[in-house]
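The values are calculated or read from the model by the stated rules, or taken from the named source; none is laboratory data. Remember, predicted model here, so these are calculated numbers, not experimental data. Every residue, glycine among them, receives a Cβ derived from its backbone with ideal geometry; neighbour counts consider all protein chains shown. Ligands, DNA and RNA are stripped out before the accessible areas are found, and what is left, the full protein with its side chains, is counted by its heavy atoms. Shrake-Rupley method; radii C 1.70, N 1.55, O 1.52, S 1.80 Å.
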Amino acid sequence: MSSARFVPLSAYREYPVEQMVERAKVFYEDVRRRRTVRQFSDRPVPAAVLEYCLRAAGSAPSGANRQPWHFAVVTDPERKRRIREAAEQEEREFYQRRAPHEWLEALAHLGTNEHKPFLEIAPVLIAVFAERYALGPGGRRLRNYYVSESVGIATGILITALHHAGLATLTHTPSPMGFLNEILERPPHERPFLLLVVGYPAPDATVPDIPRRSLGEIATFL
Ligand SMILES: Cc1cc2nc3c(=O)[nH]c(=O)nc-3n(C[C@H](O)[C@H](O)[C@H](O)COP(=O)(O)O)c2cc1C
C-alpha cells in the first residue's frame, strides 16, 4: 500500500517560447561570467544572502528525497585559522609528496600551490558535508541513495545562487578533509564533500585565462 500524498503542481510555470529562449539566454549570459576566485577581500557578506542561497541549495533534487547534505557556515576567525592550518598541512603533503606528476601537470596552468591565505581572508567558508546515511527514530540508520550525485547537484545550485547574488566562490578540495569533522564538530557519518570559500573578490584579483569546450564538444543531439 502506498503512503504517498499528492498535491497539484502549482509552482510550475510555462512561458511562451520566445520568453523561454530569452530566459535561457539571460541565464546563460549570467552564469558564464562565474569564475573561481582565489584572491578574496575580507569584506563581510550579508547573512540574508547566504541564507537564501543555502535555501536554494536545499531545494535540489536528491535520491529518494533523502536530502543527504549539511552545510556548515564558518565565519568565526579562530575556526577559519584552524581550517587553513589543517588544509595547508594536507596541501603541502599533496604538492610535495603525494600528487602524481600527471596531476601536478594538469594543475600547473592554474598557478595553485599549498598556500591558502584565502581560507582566513575570505569572510565565509561553507563546508559541504555528505550524509552517508540518515538517522531515523531511535538512531536507526536509514540508507541514503546517490549521495555524491545529490550533494553535487545541491552544491552546484549553491555556487550558482551565490554567483547570481553577486558573490564569488572558490571550490576547494584539500585532500583528505577529515579535519573538517573535528573543527566543525560534525558527526562521523557526515563525509566532508568540499569546502566553498565565499566572499567578494579582492579588487586586484586575477583569474587564469582558460577556454571552455564548445557546445559541439560537450553535447550530442540524437
Ligand atoms: C570538485 C572541484 C574541486 C576543485 N578543487 C579546487 C582546489 O582544491 N583548489 C583550487 O584552487 N581550485 C579548485 N577547483 C576549481 C577549478 O580549478 C576550477 O573550477 C576550474 O579551473 C575552472 O575554472 P572556473 O571555475 O573559473 O571556470 C575545484 C573545482 C571543482 C569542481
Take the residues in region 161-213 that are within 18 Å of L107 (Cβ to Cβ) and within 13 Å of the chain's Cα centre (by Cα); name whichever of them is most open to solvent (accessible area, probe 1.4 Å). T173
Does region 82-118 hold any residues that are open to solvent by 50 Å² or more (accessible area, probe 1.4 Å) and among the small types (G, A, S), and which are they? A106, A108, G111
What pairs can you find where one residue is in region 168-182 and more than 10 Å from the ligand (Cβ to nearest atom), the other is assigned to a helix (DSSP H, G or I), and their Cβ atoms are less than 6 Å apart, with a gap of 6+ or different chains? F179/A86
Cβ-Cβ distance below 6 Å, separation of 6 or more or different chains: which pairs start in region 84-113 with a residue that is over 18 Å from Q39 (Cα atoms) and end on one that is open to solvent by less than 60 Å² (accessible area, probe 1.4 Å)? A86/F179; E90/P174; R92/E114; Y95/E114
Six or more apart or on different chains, Cβ atoms under 8 Å: show the pairs whose first residue is in region 208-222 and under 30 Å from Q39 (Cβ atoms) and modelled with pLDDT of 95 or more and whose second is within 16 Å of the ligand (Cβ to nearest atom) and not in a helix (DSSP H, G or I). P208/G111; R212/R32
Hey, does region 56-72 have a residue that's in contact (Cβ under 8 Å) with a residue 24 or more places away in the chain, farther than 20 Å from F129 by Cβ and either surrounded by 13 or more Cβ atoms within 10 Å (Cβ to Cβ) or among the β-branched types (V, I, T) (or both)? no
Condition first: under 17 Å from the mean Cα position of the chain (by Cα) and part of a helix (DSSP H, G or I). Now tell me which residues in region 48-79 satisfy that. V49, L50, E51, Y52, C53, L54, R55, A56, A57, G58
Which pairs do you get when a residue that is closer than 26 Å to P46 by Cα, found in region 118-144, comes within reach of a residue that is open to solvent by 70 Å² or more (accessible area, probe 1.4 Å) and outside any strand (DSSP E or B), reach meaning Cβ atoms under 6 angstrom, with the pair 6+ apart or on two chains? E120/R81; I121/D42; P123/P44; V124/T75
Boolean, V128 is within 26 Å of H189 (Cβ to Cβ) and open to solvent by less than 60 Å² (accessible area, probe 1.4 Å): yes
